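A short reminder: the numbers here are calculations on the coordinates, not readings from a lab. Quantities reported herein were computed from a predicted structural model and do not represent experimental measurements. Glycine also receives a Cβ, built like all others from the backbone with ideal geometry; neighbour counts cover every protein chain displayed.
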Amino acid sequence: MSTATGTATAARVVDAVKVYGAGDTAVRALDGVSVDFAAGRFTAIMGPSGSGKSTLMHCAAGLDTLTSGSAFIGGTDLSALDDKRLTLLRRDRVGFVFQAYNLLPTLTVAENITLPIDLAGGRVDQQWIDALVDVVGLGDRLHHRPAELSGGQQQRVAVARAFAGRPEVVFADEPTGNLDSRAGEEVLGLLGRAVRQTDRTVVMVTHDPVAAAHADEVVFLADGRLVDRMAAPTAEKVLDRMKAFDARTTADTSRGGTP
Ligand SMILES: Nc1ncnc2c1ncn2[C@@H]1O[C@H](COP(=O)(O)OP(=O)(O)OP(=O)(O)O)[C@@H](O)[C@H]1O
């Protein structure tokens with residue numbers, strides 16, 4: 001799958017609409033979003049609370065379905081897949097990192113990393129796993145259990161697990177939400193290294209401008225719509241963009257409009 005500029009697209013949504021609920025209580029979480037996530041790039045999704053970031057990620061990753069519009073992983077239209085094929089696609093072609101590390105406490109670090117491949121009955125590519133372990137810096141922790149690791153180290157295991165099966169795209173939802181700033185920086189740094197050193201693709205939801213600055217590009221959502229894209233972000237530039245949302249919301253509210 002290629003865009004007009006010739007860059008391969010790892011994932012995209014087209015005219016994505018997601019409505020939760022019905023009638024008076026219906027919430028239009030996505031209101032016609034079209035966005036592509038380039039392969040081999042680290043993209044951050046930012047926007048005010050409630051702007052639809054997690055909903056976009058969940059629908060793009062096949063964890064949730066759109067009300068209308070389309071979501072693609074590579075060239076595969078997710079709406080064309082039944083539940084079983086969608087589950088297989090998520091297992092074989094997509095990796096996930098969440099705020100909670102979701103490691104199995106009884107397994108070692110090494111076993112946690114290869115668990116998805118083992119469950120799928122796949123073949124572990126030991127060279128790739130070794131390279132990943134190197135990137136995430138866990139070489140001396142492979143035989144420890146999660147409880148013996150810090151939060152930051154556990155999230156690094158979760159990152160290695162997400163990349164273990166060489167997925168086409170790794171989706172991360174607030175991956176540093178439970179970490180202090182130093183551990184968070186380490187996890188963000190290794191997501192960046194995974195993209196740049198091993199040519200992987202990451203799409204990350206965050207509300208933190210410092211986290212977004214680790215990405216190659218930031219896409220901004222407001223009120224369920226894509227409102228901006230920023231290449232080569234810095235924390236300052238992202239913060240300024242976010243302040244513009246806040247100023248607009250405050251102005252709308254003081255005029256009696258809907259925030
Ligand atoms: N399962 C659901 N049922 C009903 N409404 C929902 C559901 N999930 C999300 N919403 C609503 O959809 C809108 C977008 O939510 P979403 O979680 O995608 O936003 P977000 O930008 O990720 O927010 P935050 O930064 O606070 O996590 C919000 O108004 C939210 O209340």
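If you bin all the Cα-Cα distances of the range 58-184 at 10 Å, starting from zero, the percentages per bin are 13, 41, 32, 13, 1. Size descriptors for the chain (Cα atoms only): Rg and Dmax, in that order, 18.6, 60 Å.
Here the spin labels are modelled as points 7 Å beyond Cα on the Cα-Cβ line, and at ALA131 and ALA8 they lie 1.3 nm apart.
A dipole drawn for the chain from +1 and -1 charges on Cβ atoms has a positive end, and of VAL17, THR108, VAL27 the residue lying farthest that way is VAL17.
How high is the relative contact order of the chain, in percent, counting Cα pairs under 8 Å that sit 6 or more residues apart? Intermediate values should be presented prior to the final figure.
Numbers: 485 pairs, mean separation 65.8, N = 259.
Once normalised by length, the contact order is 25 percent.
One chain, two ends: ALA120 and THR106. Fully extended at 0.36 nm per residue, the span grows by 3.1 nm beyond their Cα-Cα distance. Each Lys and Arg adds +1 at its Cβ and each Asp and Glu adds -1 at its Cβ; summed about the Cα centre, the chain shows a dipole of about 180 debye. Can you tell me the 0 to 90 degree angle between the C-alpha axis of helix 109-119 and the longest principal axis of the chain, rounded to 10? It is inclined by approximately 70 degrees. The length gained by stretching the chain between PHE98 and THR25 to full extension, at 0.36 nm per residue less their Cα-Cα distance, is 23.5 nm.
For the range 1-92, a crude dipole built from +1 on the beta carbon of Lys and Arg and -1 on the beta carbon of Asp and Glu, taken about the Cα centre, is about 260 debye to the nearest 20.
Taken along the Cα-to-beta-carbon direction at a fixed 7 Å, the label points for LEU88 and LYS237 span 4.2 nm.
Peptides 105-113, 148-156, 223-231: what's the order by average Cβ count within 10 Å, highest mean first?
Values: 105-113: 17.8, 148-156: 19.3, 223-231: 16.2.
Peptide ranking by packing, descending: 148-156, 105-113, 223-231.
Along the charge dipole of the chain, Cβ charges K/R +1 and D/E -1, which of VAL135, VAL203, PHE98 sits furthest on the positive end? Highest projection toward the positive end goes to VAL203.
Under 5 Å between amide hydrogens, built in the peptide plane, is the criterion, and for ALA10 it picks out PHE37, ALA38, ALA39 among residues at least 5 positions away or on other chains.
Please report, in debye to the nearest 20, how large the charge dipole of the range 12-57 is about its Cα centre when each Lys and Arg carries +1 at its beta carbon and each Asp and Glu carries -1 there. The calculated dipole for the range 12-57 is roughly 180 debye. Each principal axis of the range 187-231 carries a Cα extent, and these read 34, 18, 15 Å when sorted largest first.
With respect to the chain, whose longest principal axis is taken over its alpha-carbon atoms, helix 83-93 is tilted by about 60°. Within the chain, antiparallel bridges make up roughly 60 percent of the DSSP beta bridges whose residues both belong there. Averaging Cα coordinates gives a centre for the range 68-95 and one for the range 192-252; these two points are 25 Å apart. Summed over qualifying helices (DSSP H, 4 residues or more, each -39500 (n - 2.57)) and divided by its residue number, the chain shows a 222 nm mean residue ellipticity of -11500 deg cm²/dmol. Relative to the longest principal axis of the Cα atoms of the chain, the long axis of helix 181-198 makes an angle of roughly 80 degrees.
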